[in-house]
Amino acid sequence: MSTTLDELATPSVPVRTPLKRTVLMCKPTHFTVVYRINPWMDPALPTDTALAVAQWQTLYDTYIGLGYDVHLIDPIAGLPDMVYAANGGFVIDNVAYGAKFTHPERQPEGPAYMEWFGANGFDVRDPAEINEGEGDFLLVGDVILAGTGFRSASDSHAELARIYNRPVITLTLINPSFYHLDTAIAVLDSGTPDGGGEIAYLPSAFDEASLAVLRERFPTAIIVSETDAAILGLNSYSDGYNVVIASRAVGFEQQLRERGFNPIGVDLSELLLGGGGVKCCTLELRS
Ligand code: ARG
């Protein structure tokens, strides 16, 4: 086999190693859109709960196929957004910081998730400040990236720093369509407590000060297109090699392949009607 000049010029693709993940999910048994707390939601549009369940099942099956340990919390009637488990809290070292939701429609989810954490052996911390869990908090290397602007209050970032004794970097979101941090940033490689980590993000979702921080800290980050972000393509979940993404995010898929990741597309179109995707349905349990 001969080697072409083009091949010689191609930078080598890193070899990636998947890490086994433990996650919490909630079946969308009661999913529907009956209120509007983000621009994606329109109560006038019909939703198909059976289809939402079937699509969610595909995500669940994908995680099982990847060898993840998937825990389930019982869905509660009247809490249609409970399927977005990422908002149920934030967990590092078995310590679960509970969620305190912005909107009254989701507030009962906070105690429901805390009860699950308590019953499953986690050290639960009752939140004093408004925060929407892993929807706005992302662990990368030795720091926690924390979103604010629409949902989690910046006071929760200080609470987070106190609980976990780690640096917390505040990032301000400015586009209502990307109201949670996990709609604007994807953690592709979570690094180690000593540092590292790789992300993908959508620059236009952030204010200038936050962008400056992201550019400095992650100079080689993947910058996704507006098109891919507009279907919540960034709302993905990675184990360091396999990255479960929205199947329609074809540009992002290509970018991931070029970096040595293994993108796996799933279609959660029904759950997109509530303003959520892959990551929103996934809460990482770090023990
Ligand atoms: N309808 C939900 C809300 O607006 C969607 C939450 C999406 N979750 C996420 N982690 N981005 O609160």
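The values are calculated or read from the model by the stated rules, or taken from the named source; none is laboratory data. Worth saying up front: this structure is predicted, and the values here are computed from it rather than measured. Using ideal geometry, Cβ is built from the backbone for each residue, glycine included, and neighbour counts are taken over all protein chains shown.
State yes or no: is Phe31 modelled with pLDDT of 95 or more and outside any loop (DSSP other than H, G, I, E, B)?
No: the conditions fail for Phe31.
Give the residue, chosen from Val70, Val83, that is under 22 Å from Gly121 (Cβ atoms) and among the hydrophobic types (A, V, I, L, M, F, W, C).
On the way: Val83 fails: under 22 Å from Gly121 (Cβ atoms).
Answer to the selection: Val70.
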*In segment 266-287, residue modelled with the highest pLDDT [restricted to those that are in a loop (DSSP other than H, G, I, E, B) and of a type in the set (S, T, N, Q)]*: Thr282
*Flag if Val278 is within 16 Å of the ligand (Cβ to nearest atom), without any contact (Cβ under 8 Å) to a residue 40 or more places away in the chain and under 24 Å from Leu19 (Cβ atoms)*: no
*Which one of Asp81, Asp74 is farther than 30 Å from Gly195 by Cβ, touching a helix residue (DSSP H, G or I) at 6+ places or on another chain (Cβ under 6 Å) and either outside any helix (DSSP H, G or I) or within 15 Å of the ligand (Cβ to nearest atom) (or both)?*
Asp81
*From Ala246, Ala230, residue being within 16 Å of the chain's Cα centre (by Cα) and surrounded by fewer than 16 Cβ atoms within 10 Å (Cβ to Cβ)*: Ala230
_Quick check on my filter: what residues within segment 175-205 are outside any strand (DSSP E or B), of a type outside the set (S, T, N, Q) and out of contact with any Gly (no Cβ under 6 Å at 6 or more places or on another chain)?_
Pro176, Phe178, Tyr179, Ala184, Pro193, Asp194, Leu202, Pro203, Ala205
*Would a scan of segment 267-280 turn up a residue that is surrounded by fewer than 19 Cβ atoms within 10 Å (Cβ to Cβ) and touching a strand residue (DSSP E or B) at 6+ places or on another chain (Cβ under 7 Å)?*
no
*Does segment 168-197 hold any residues that are more than 14 Å from the chain's Cα centre (by Cα) and either closer than 13 Å to Ile223 by Cα or within 15 Å of the ligand (Cβ to nearest atom) (or both), and which are they?*
Leu171, Leu173, Asn175, Pro176, Ser177
*asked:* One residue is enough: does segment 259-271 have a residue meeting the conditions within 16 Å of the ligand (Cβ to nearest atom), touching a residue at least 12 places away in the same chain (Cβ under 8 Å) and not aliphatic (A, V, I, L, M)?
replied: yes
*asked:* Looking only at segment 88-106, how many residues end up being touching a residue at least 60 places away in the same chain (Cβ under 8 Å) and either in a strand (DSSP E or B) or in contact with a Leu (Cβ under 8 Å, 6 or more places away or on another chain) (or both)?
replied: 8
*Quick one: is Asp194 of a type in the set (D, E, K, R) and modelled with pLDDT under 95?*
yes
*Which one of these does Leu211 not meet: (1) of a type in the set (A, V, I, L, M, F, W, C); (2) part of a helix (DSSP H, G or I); (3) touching a residue at least 12 places away in the same chain (Cβ under 8 Å)?*
(3)
*Within segment 132-167, restricting attention to residues that are in contact (Cβ under 8 Å) with a residue 24 or more places away in the chain and basic (Lys, Arg), which residue is farthest from the ligand (Cβ to nearest atom)?*
Arg166
*Only one of these conditions is not met by Thr58: (1) in contact with a strand residue (DSSP E or B) (Cβ under 7 Å, 6 or more places away or on another chain); (2) among the β-branched types (Val, Ile, Thr); (3) without any contact (Cβ under 8 Å) to a residue 40 or more places away in the chain. Which number is it?*
(3)
*Answer yes or no as to whether Glu129 is on the phi < 0 side of the Ramachandran plot, part of a loop (DSSP other than H, G, I, E, B), away from the ligand (no atom under 13 Å from the Cβ) and surrounded by fewer than 22 Cβ atoms within 10 Å (Cβ to Cβ).*
yes
